[in-house]
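In what follows, a single structure is set out as structure tokens and then discussed.
The values are calculated or read from the model by the stated rules, or taken from the named source; none is laboratory data. Because the structure is predicted, anything quoted here is derived from the model rather than measured. Quick reminder, even Gly has a Cβ in these numbers, built from the backbone with ideal geometry, and neighbours come from all protein chains shown. Note: accessible area is taken over every heavy atom of the protein model, side chains too, but ligands, DNA and RNA are not part of it. Shrake-Rupley method; radii C 1.70, N 1.55, O 1.52, S 1.80 Å.
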Amino acid sequence: MTSKKPDKNFIITIDGPSGAGKSTISKKVAARLNLSYIDTGAMYRCVAWAARKKGLDVTCENALPPLLRDIRISFQASGENNLVFCNEQEVTDLIRSPEIDRLASAVSSLSCVRNALLPLQRAAAQNSHAIIDGRDAGTVIFPRADLKIYLDADLTTRARRRLKEQKQNAEVDLKSVTEAIARRDEADSSRSQAPLRQAEDAIFIDTSKLSIEDVCQRIIDLFESRFNG
Ligand code: DC
């Protein structure tokens with residue numbers, strides 16, 4: 001790529017609801033601009049996966065602190081893939097089931113979980129130019145990010161995308177995925193801890209009718225005009 005990267009650490013945040021295209025777009029833009037990619041949703045999924053493995057009640061704030069004290073989460077870029085490790089086990093696919101969708105949403109509403117993950121999320125971006133993908137990346141994790149994007153799309157489009165991702169799972173259909181996403185939107189937006197919302201200085205992009213390439217190019221153009229323009 002031809003962009004000259006700024007000298008100081010450069011942070012792009014990409015927030016929005018499930019299925020808006022955040023992870024696909026973030027990974028591609030990160031690869032094109034040679035930035036680290038930090039998937040904060042995967043971190044909540046790791047907590048949910050680890051809690052389930054230990055048989056802990058994810059709705060109980062008191063059950064999780066010992067697990068949170070010891071949890072180790074890391075990422076490893078592998079081509080266009082982003083491998084996720086939790087406590088040294090590779091969990092990239094294991095954390096994408098409908099059950100972990102539900103459990104991750106539940107743990108993400110607990111303040112003990114958010115407080116434990118916040119320093120890990122900030123540390124993951126330390127000393128690197130990075131794209132942070134999440135719900136509160138531009139509002140809470142990096143309120144002073146250099147470029148903030150908020151992606152959204154209509155509910156049916158988002159459900160279709162999620163269904164395609166989960167196509168190996170015979171139990172899911174469009175109606176159940178749509179209902180699950182609508183429930184998760186409601187939970188993510190109405191919780192008291194760091195609810196999903198667009199930062200005032202974020203740029204809104206509706207991805208419903210745009211191709212992945214169009215959205216990536218828009219973000220790259222914004223990066224270029226802000227830092228090389
Ligand atoms: O983006 P995702 O579907 O992988 O996120 C999993 C869950 O974690 C989802 O319910 C929203 C929540 N989450 C959050 O509360 N804050 C973030 N920064 C990222 C995800």
Val58 versus (1) touching a helix residue (DSSP H, G or I) at 6+ places or on another chain (Cβ under 9 Å); (2) under 18 Å from Ala125 (Cα atoms); (3) without any contact (Cβ under 8 Å) to a residue 60 or more places away in the chain; (4) of a type in the set (A, V, I, L, M): which is the lone unmet condition?
(2)
Among (1) closer than 26 Å to Thr13 by Cβ; (2) part of a helix (DSSP H, G or I); (3) of a type outside the set (Lys, Arg), which single condition is Ala51 missing?
(1)
Some residue of segment 191-202 being of a type in the set (S, T, N, Q) and more than 16 Å from the ligand (Cβ to nearest atom):
no
Failed item, numbered, when Ala20 is tested on (1) in a helix (DSSP H, G or I); (2) among the small types (Gly, Ala, Ser); (3) within 11 Å of the ligand (Cβ to nearest atom)
(1)
Do any helices (runs of 4 or more DSSP H) lying entirely in segment 74-175 carry at least 2 residues that are touching a Leu at 6+ places or on another chain (Cβ under 7 Å), and which ones are they?
111-124, 155-165
Scan segment 126-149 and tell me whether some residue there is of a type outside the set (Gly, Ala, Ser), surrounded by 18 or more Cβ atoms within 10 Å (Cβ to Cβ), within 13 Å of the ligand (Cβ to nearest atom) and more than 15 Å from the chain's Cα centre (by Cα).
no
The number of residues in segment 191-202 that are under 18 Å from Lys22 (Cβ atoms) and either modelled with pLDDT under 90 or open to solvent by less than 40 Å² (accessible area, probe 1.4 Å) (or both) is 5
Pairs with Cβ under 7 Å, 6+ apart, first in segment 91-109 and away from the ligand (no atom under 12 Å from the Cβ), second charged (D, E, K, R)
none
Counting only residues that are loosely packed, with under 12 Cβ neighbours inside 10 Å and not polar (S, T, N, Q), which one in segment 215-229 is farthest from Thr40 (Cα to Cα)?
Gly229
Within segment 111-123, can you find the residues that are crowded, with 17+ Cβ neighbours inside 10 Å, among the hydrophobic types (A, V, I, L, M, F, W, C) and near the ligand (Cβ under 10 Å from one of its atoms)?
Val113, Leu117
Among the residues that make up segment 4-17, is at least one of them more than 11 Å from the ligand (Cβ to nearest atom), in contact (Cβ under 8 Å) with a residue 60 or more places away in the chain and touching a Leu at 6+ places or on another chain (Cβ under 6 Å)?
yes
Could you please find all residues in segment 157-190 being open to solvent by less than 60 Å² (accessible area, probe 1.4 Å), more than 12 Å from the ligand (Cβ to nearest atom) and at pLDDT 85 or above?
Thr157, Ala159, Leu163, Leu174, Ser176, Val177, Thr178, Ala182
